[in-house]
Amino acid sequence: MLSEKEREEILEETKLYPYPKAACIDALKIVQHHRGWISDEAIADIASELDMSRDEVDGVASFYTRLYRKPVGRNVILICDSVSCMIMGYESIYDYISKKLGIKFGETTSDGRFTIIPNTCLGDCDHAPALMINNDHYNNLSIEKIDLMLEKYQ
Amino acid sequence: METPLTKYIKPNQAPLDLKEYEKTGGYEGVRKVLKGMLPDDIIGLVKTSNLLGRGGAGFQTGLKWSLVPKEKDVAGVRYLVANADEMEPGTFKDRYLLEGNPHQLIEGMIIASYAIQAEKAYIFMRWAYKKAEVIIKKAIEEAYSAGYLGKNILGSGYNLDLHLHTSAGRYICGEESALLNALEGKRGIPRAKPPFPATSGLFGQPTVVNNVETLSWIPHIIENGSDWFIKLSTSGEGGTKLYGVSGRVKKPGLWELPLGTTIREIIEDYAGGMQDGYQLKGIIPGGASTDFLIASQIDTKMDFASVRAAGSRLGTGTMMILDDKTCPVAFIHNLIKFFAKESCGFCTPCREGLPWVEKVLMKFEEGNATLKDIEILEFHTKYLGPGNTFCAHAPGAMEPLQSGLKYFKDDFLRHINEKHCPWR
């Protein structure tokens, strides 16, 4: 079941388009914002709210990279693996974080604190290497800065 | 040197708010067109200015607008969409404009909407641009309260609603017809063309999709005219361009310079030249989907015609530098991995071909490639080229590969002969 708040927020979005179904991506984002990820149950909830089939909603949900169909940690680290960051050494940044947290790309720490995901270009190429944690951008990264940066996210 | 687009953008400072923007002459363009210009006059002016689309394709903006059918021929809503889904590897120019001068974009959108008689406009923005999201939302609210958006704008009888949509993340959504599907809440898969968006776009209605940098030009062209605009460039194509450089240069960054500035000037005078100990080996001039240029082509002018004549495309104008300490095969492999991952999966050659190319490049990096693999790569540059796939995604991916094979063939061969990557 959608919460009252989720339903209200989705309704607001549907007003911006000629028909409710067009707000599907916004609805998925809203539900993910409240629940952390998009479960099968969430797919069903959105389908009935927007008068779509579950498969149709899942087709949309599974297309977009920032919609999570599996649970993720409380904090998501998105490491840019595109070419400018490669030249400037994202691999050593990833290796350090991966070793420190004991997880690889696509994995979540056992305490649920972090998930690491590779990400395409973050538009920070002139300050590469770059990454995002949740909604925060970090650039000009060096290994020395990482410990302190991760401390902020519990 | 004039820098109309970025004049009021101060690094690490908040962008101009509505009042400050108005003090610089902001929204005068909206007043001017709503009080005394016919939509066709605006389209005519933008046409004579020769404003070429800054998203990468370089299609003439005025011409694009003129393809929208008149209201008497097609009924119903028409739409304007700002493409702010910047996700081309190596590209960070629209972010600068979105974060730095949001009202300039909004004013451009209002004028463009009026020119095509749109009553709804959307900014389709990349999810990762969180700072820009906050800035744009605030600017839209300010524009509504000042009466530049909404019903009966400045008493002219013209109505326009503008909304921000942040994407859920896929490179292909930067392709305009995929963007429209995404904006309709669907999977972001490109559409067959024709019909082009001008006749059947968002929700099946006439639609124009323009890049952020393109739309940001409109208020300036209205204010200063087309002659002024054309004279800004060194090559007659018109305007300045946001140029960026990333990679092993001393001062990576972004600069607004006359369209037609040479690669040498941009790299040496603005980006400070190569870092000590690194040599320039190749240049990707305008984002991941453009062909390599090499060091001997450094005097090429960065405009649409000159870069095309040199064998590549201006694209987004934000160049990536390949230095001599970076393996060209690894560089290309990284690009192809990106394209393989970002294929929308709709058409078979792209969905299956790109991962195949990626695997073959992996063999080179691991030292297991043979001469046969060069043939396989060359085969794909033709069969994933223009005309063989549903959209330009795979052909774009083949551009750096085909030129890489041409210019860095010896480096590919070294991987085969030495059975490992010589750079590792």
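The values are calculated or read from the model by the stated rules, or taken from the named source; none is laboratory data. Only a predicted model underlies this, so the values are computations on that prediction, with no experimental measurement involved. Because the Cβ atoms are built from the backbone with ideal geometry, glycine has one as well, and the counts that use them run over all protein chains shown. The area values use the complete protein model at the heavy-atom level, side chains included, leaving out ligands, DNA and RNA. Shrake-Rupley method; radii C 1.70, N 1.55, O 1.52, S 1.80 Å.
A few comments on the model shown:
- Test: residue in region B:250-264 that is small (G, A, S) and in a strand (DSSP E or B): yes
- Any hit, region B:225-241, residues being in contact with a strand residue (DSSP E or B) (Cβ under 8 Å, 6 or more places away or on another chain) and either part of a strand (DSSP E or B) or within 14 Å of another protein chain (Cβ to nearest Cβ) (or both): yes
- Scanning region B:379-388 for any residue that is closer than 21 Å to A:M86 by Cβ and assigned to a helix (DSSP H, G or I) turns up nothing.
- Here A:P71 passes the criteria (1) of a type outside the set (A, V, I, L, M, F, W, C); (2) in contact with a Gly (Cβ under 9 Å, 6 or more places away or on another chain); (3) more than 14 Å from chain B (Cβ to nearest Cβ); (4) part of a helix (DSSP H, G or I) except the one numbered (4).
- Scanning region A:12-64 for residues that are away from chain B (no Cβ under 13 Å), crowded, with 18+ Cβ neighbours inside 10 Å and not aliphatic (A, V, I, L, M) gives a single hit, A:D45.
- Residue within region B:154-161 that is buried (at least 20 other Cβ atoms within 10 Å of the Cβ) and assigned to a loop (DSSP other than H, G, I, E, B) present: no
- Check on B:S312, open to solvent by less than 40 Å² (accessible area, probe 1.4 Å), away from chain A (no Cβ under 14 Å) and either closer than 28 Å to B:A84 by Cβ or not acidic (D, E) (or both): yes
- For region B:197-220, a residue qualifies if it is in contact (Cβ under 8 Å) with a residue 12 or more places away in the chain and farther than 21 Å from B:F92 by Cα, and the qualifying residues are B:P197, B:A198, B:T199, B:G201, B:L202, B:F203, B:Q205, B:P206, B:T207, B:V208, B:P219, B:H220.
- Residue selected from region B:82-115 under the condition open to solvent by 10 Å² or more (accessible area, probe 1.4 Å) and under 17 Å from B:P206 (Cα atoms), by the criterion farthest from the other protein chains (Cβ to nearest Cβ): B:Y114
- Any hit, region B:61-76, residues being within 13 Å of another protein chain (Cβ to nearest Cβ), more than 26 Å from B:L18 (Cα to Cα), assigned to a loop (DSSP other than H, G, I, E, B) and open to solvent by less than 40 Å² (accessible area, probe 1.4 Å): no
- Counted residues, region B:167-189 - those being in a loop (DSSP other than H, G, I, E, B) and within 13 Å of chain A (Cβ to nearest Cβ): 10
- Counting only residues that are within 11 Å of chain A (Cβ to nearest Cβ) and either β-branched (V, I, T) or open to solvent by less than 30 Å² (accessible area, probe 1.4 Å) (or both), region B:255-283 holds 1 of them.
- Every residue from region B:21-38 that is open to solvent by 30 Å² or more (accessible area, probe 1.4 Å) and either closer than 21 Å to B:N159 by Cβ or not assigned by TED's automatic domain parsing to the domain that holds B:Y144 (or both): B:E28, B:R31, B:K32, B:K35, B:G36, B:M37, B:L38
- Subset tally (residues that are within 14 Å of another protein chain (Cβ to nearest Cβ) and either free of Cβ contacts under 8 Å to residues at least 12 places away in the same chain or more than 23 Å from A:L122 (Cα to Cα) (or both)) for region B:119-143: 6
- Considering residues of region A:111-144 that are more than 22 Å from B:K131 (Cα to Cα) and open to solvent by 10 Å² or more (accessible area, probe 1.4 Å) only, the residue nearest to the other protein chains (Cβ to nearest Cβ): A:S142
- Residues satisfying the stated conditions in region B:1-49, i.e. touching a strand residue (DSSP E or B) at 6+ places or on another chain (Cβ under 8 Å) and outside any helix (DSSP H, G or I): B:M1, B:E2, B:T3, B:P4, B:L5, B:T6
- Where a residue in region A:78-103 is more than 10 Å from chain B (Cβ to nearest Cβ) and its partner, wherever it lies, is of a type in the set (D, E) and in a helix (DSSP H, G or I), with Cβ under 9 Å and at least six apart: A:K100/A:D147
- So B:F59, is it without any contact (Cβ under 8 Å) to a residue 60 or more places away in the chain and closer than 30 Å to A:V83 by Cβ: yes
- Filter pass, B:E375 being in a helix (DSSP H, G or I) and loosely packed, with under 15 Cβ neighbours inside 10 Å: yes
- Within region B:333-352, being in a helix (DSSP H, G or I), within 16 Å of B:E175 (Cβ to Cβ) and either free of Cβ contacts under 8 Å to residues at least 12 places away in the same chain or within 9 Å of chain A (Cβ to nearest Cβ) (or both) holds for B:F338, B:K341, B:E342, B:R351.
- The single condition from (1) in contact (Cβ under 8 Å) with a residue 60 or more places away in the chain; (2) in a loop (DSSP other than H, G, I, E, B); (3) more than 14 Å from chain A (Cβ to nearest Cβ) that B:P194 fails is (1).
- Counting the residues of region A:122-148 that are in a loop (DSSP other than H, G, I, E, B) and closer than 23 Å to A:R69 by Cβ gives 3.
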